[in-house]
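> So that we are looking at the same thing, I have put the structure below in structure tokens.
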Amino acid sequence: MMNDEAKSEQTADERGEKDVPPPAGPGCQTGSPRAGEAPNEHDVVAAEGRSPFWKRRVVWMVVVAVAVVVVAAVVGGMVWSRHVKDEALSGCRQQAGQIRHLAGTSLGKDAIEAGKVGKKDVADAKTWEALQTSQKKLAGLVREGVPACDATSRVAAQGQKSKAAASLKSMEKARANVEKSAKAVLASRDTKVLKDTQDLLSAKVGQAKQLLDSSAGNVADDATRTALSQRIDAANGLLGSHKGKVADLQQTSQALDDAVNGVNASVQAKAEADAQAAAAAAAAQARAAQQQARNRQGQAAGGSAQGNQQPERIHNGGYSSFKEWMAHHEPLGNGCNAAGFCAIG
């Protein structure tokens with residue numbers, strides 16, 4: 001069986017309150033107090049079953065430290081939360097400002113020019129449709145306006161910042177899509193203009209060839225046909241290379257038009273000259289016919305007059321009148337004067 005002192009130590013060990021004796025020093029004695037001596041604090045605390053003062057002080061210090069840590073954590077958490085909220089709101093406002101700036105900034109010159117191009121003016125209608133879709137998307141984002149940045153909590157502020165960031169990204173993407181679609185529309189328009197110009201020049205070449213063939217021998221100046229032939233060859237060469245720019249095709253087309261006009265003018269000049277020559281020949285022929293008719297009429301009139309006067313000339317001795325006969329008649333034995341009086345002699 002254990003004695004009372006062993007039991008007391010075991011009980012203290014179980015409670016975790018076994019006292020550690022202070023180190024022995026000069027003038028200090030260990031062990032139980034002697035008879036007649038006053039018990040020390042250690043003996044009193046041990047006898048009463050209480051922890052010594054320095055242990056209680058450590059416990060309080062731990063409690064206070066924990067409390068300080070908790071308070072510091074709470075305060076630090078509040079400060080951190082406020083900082084995060086303010087930072088989120090600041091980022092939200094910055095992004096909102098960028099959205100406002102983009103919404104009020106006009107697009108580039110390509111987008112403005114492409115907005116004036118019609119669907120019938122492009123080679124590929126899909127490019128035009130894509131531009132309409134991207135423009136509507138951008139217009140919708142502009143109508144949404146600027147996101148709010150007025151949250152009162154950290155979580156809400158972070159949510160507003162995320163929303164503003166997404167809106168800004170959508171705005172930038174929409175503007176980029178419009179610019180990209182605009183470039184595609186302009187390229188498709190230029191392709192159609194080039195093809196239309198090539199087709200027009202090709203058609204003019206065909207018409208010019210027909211004119212060149214039909215005008216052979218029908219021009220006042222054959223040099224115009226030579227010039228037209230040269231312009232036709234130049235146009236065919238440009239069309240065959242497939243490298244001609246719109247300006248080059250238009251210039252060649254204009255030169256071909258000038259050559260065609262030259263041949264047409266020469267054809268017209270010859271036609272007018274031929275018409276004038278024909279008119280002059282016809283007039284000369286008409287005058288000759290009229291002269292022949294007058295000659296025939298004169299001959300006919302002369303014969304008729306001689307036939308009518310023959311009997312009278314016979315009746316008057318071959319003279320046209322009696323007076324003429326009397327002027328030339330000399331009666332035998334008598335004389336007649338010029339007045340027609342005769343005397344018998």
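The values are calculated or read from the model by the stated rules, or taken from the named source; none is laboratory data. Every value quoted in this text rests on a predicted model; they were computed, and no experiment measured them. So basically every Cβ, Gly included, is an ideal-geometry build from the backbone, and we count neighbours across all protein chains shown. With ligands, DNA and RNA removed, areas are computed over all heavy atoms of the protein, side chains included. Shrake-Rupley method; radii C 1.70, N 1.55, O 1.52, S 1.80 Å.
> Looking only at segment 68-99, count how many residues are open to solvent by less than 50 Å² (accessible area, probe 1.4 Å) and at pLDDT 75 or above.
So the answer is 10.
> Additional query: Could you say whether any residue in segment 238-251 is more than 41 Å from the chain's Cα centre (by Cα), open to solvent by 50 Å² or more (accessible area, probe 1.4 Å) and of a type outside the set (V, I, T)? Spell out the reasoning first.
So in segment 238-251, the residues more than 41 Å from the chain's Cα centre (by Cα) come out as none.
No; the residues of segment 238-251 include none that is more than 41 Å from the chain's Cα centre (by Cα), open to solvent by 50 Å² or more (accessible area, probe 1.4 Å) and of a type outside the set (V, I, T).
Conditions (1) within 26 Å of Q95 (Cα to Cα); (2) surrounded by fewer than 17 Cβ atoms within 10 Å (Cβ to Cβ); (3) at pLDDT below 95, marked per residue:
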{"site": "R143", "(1), (2), (3)": "yes, yes, yes"}
{"site": "D150", "(1), (2), (3)": "yes, yes, yes"}
{"site": "K163", "(1), (2), (3)": "yes, yes, yes"}
{"site": "A184", "(1), (2), (3)": "no, no, no"}
{"site": "A187", "(1), (2), (3)": "no, yes, no"}
{"site": "K209", "(1), (2), (3)": "no, yes, no"}
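> In addition: Which residue, of E179, E172, is more than 30 Å from A235 (Cα to Cα) and open to solvent by 70 Å² or more (accessible area, probe 1.4 Å)?
Of E179, E172, the one residue that is more than 30 Å from A235 (Cα to Cα) and open to solvent by 70 Å² or more (accessible area, probe 1.4 Å) is E172.
> When segment 211-230 is examined, which residues are found to be β-branched (V, I, T) and crowded, with 17+ Cβ neighbours inside 10 Å?
If the condition is that a residue be β-branched (V, I, T) and crowded, with 17+ Cβ neighbours inside 10 Å, then V219, T224 are the ones that fit.
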